[in-house]
Amino acid sequence: MASDLPQYYFRVRENGALAFRVDTENRHRRIDMDQIAVINMRNGEIKPHGDRDLDQEDLDAIRGWMARRGEVLAMRDIDDIRRTIDHLNLTAQWAQSKAEAAQLEEVTDDLLLAMHDLRTVLVRKKSERMLKE
């Protein structure tokens, strides 16, 4: 099992991750994870943990993870938007066929404001794209 483990482990957190070097070559034959860096995905910053010096292999592994993580997060963003579209369609169907007056009263203003805000942003962005062409 120990030989199948990756050399690095990344613990995801809100804005990035903690990077660990995985060590299985110790006298106790146990898995040790030594934190080597803190990663900020928003600004791309890699901070060595404590008084560590990151070598090129560490930096390459961290940057590779950051690139893969960025792709995953981008795919999730698009998936979330597509789910939102589905949810809007389901909400329209619910409002038309199942919603009771009290339920509609509870959510109508919030939905209308959110949809107006979204429409305003989408129209402005589309206009900006068209003007660039």
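The values are calculated or read from the model by the stated rules, or taken from the named source; none is laboratory data. Fair warning: this is a prediction, and the values are worked out from it, not measured in the lab. Cβ: placed from backbone, ideal geometry, glycine included. Neighbour counts: every protein chain shown.
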Notebook entry, point to check: Within the range 33-51, is even one residue among the hydrophobic types (A, V, I, L, M, F, W, C), closer than 27 Å to residue 4 by Cβ and at pLDDT below 95?
Noted result: yes
Next item on the list: Could you please find all residues in the range 1-44 being in contact (Cβ under 8 Å) with a residue 24 or more places away in the chain, of a type outside the set (A, V, I, L, M, F, W, C) and not in a loop (DSSP other than H, G, I, E, B)?
Entry: 8, 9, 16, 21, 40
Next item on the list: Go through the range 39-63 and give me each residue that's loosely packed, with under 10 Cβ neighbours inside 10 Å and among the polar types (S, T, N, Q).
Entry: 43, 56
Check: If a residue has to be in contact with a helix residue (DSSP H, G or I) (Cβ under 6 Å, 6 or more places away or on another chain) and surrounded by fewer than 16 Cβ atoms within 10 Å (Cβ to Cβ) to count, how many in the range 1-23 make the cut?
Finding: 0
Margin query: Looking for something assigned to a helix (DSSP H, G or I), of a type in the set (Gly, Ala, Ser) and either within 29 Å of residue 41 (Cα to Cα) or not assigned by TED's automatic domain parsing to the domain that holds residue 44 (or both) - is there at least one such residue anywhere in the range 104-118?
Written below: yes
Next item on the list: Name every residue in the range 6-56 that is over 17 Å from residue 67 (Cα atoms) and either among the acidic types (Asp, Glu) or outside the structural domain of residue 68 (by TED's automatic domain parsing) (or both), in order of residue number.
Entry: 23, 25, 32, 34, 51, 53, 55
Check: Quick one: in the range 64-75, which of the residues that are in contact (Cβ under 8 Å) with a residue 12 or more places away in the chain and either loosely packed, with under 14 Cβ neighbours inside 10 Å or touching a helix residue (DSSP H, G or I) at 6+ places or on another chain (Cβ under 9 Å) (or both) is farthest from residue 23 (Cα to Cα)?
Finding: 73
Next item on the list: Answer yes if at least one residue in the range 79-89 is in contact with a strand residue (DSSP E or B) (Cβ under 6 Å, 6 or more places away or on another chain) and either hydrophobic (A, V, I, L, M, F, W, C) or in the same structural domain as residue 108 (by TED's automatic domain parsing) (or both), and no otherwise.
Entry: no
Next item on the list: Select, from 102, 95, the only residue that is over 26 Å from the mean Cα position of the chain (by Cα), more than 30 Å from residue 6 (Cβ to Cβ) and surrounded by fewer than 10 Cβ atoms within 10 Å (Cβ to Cβ).
Entry: 102
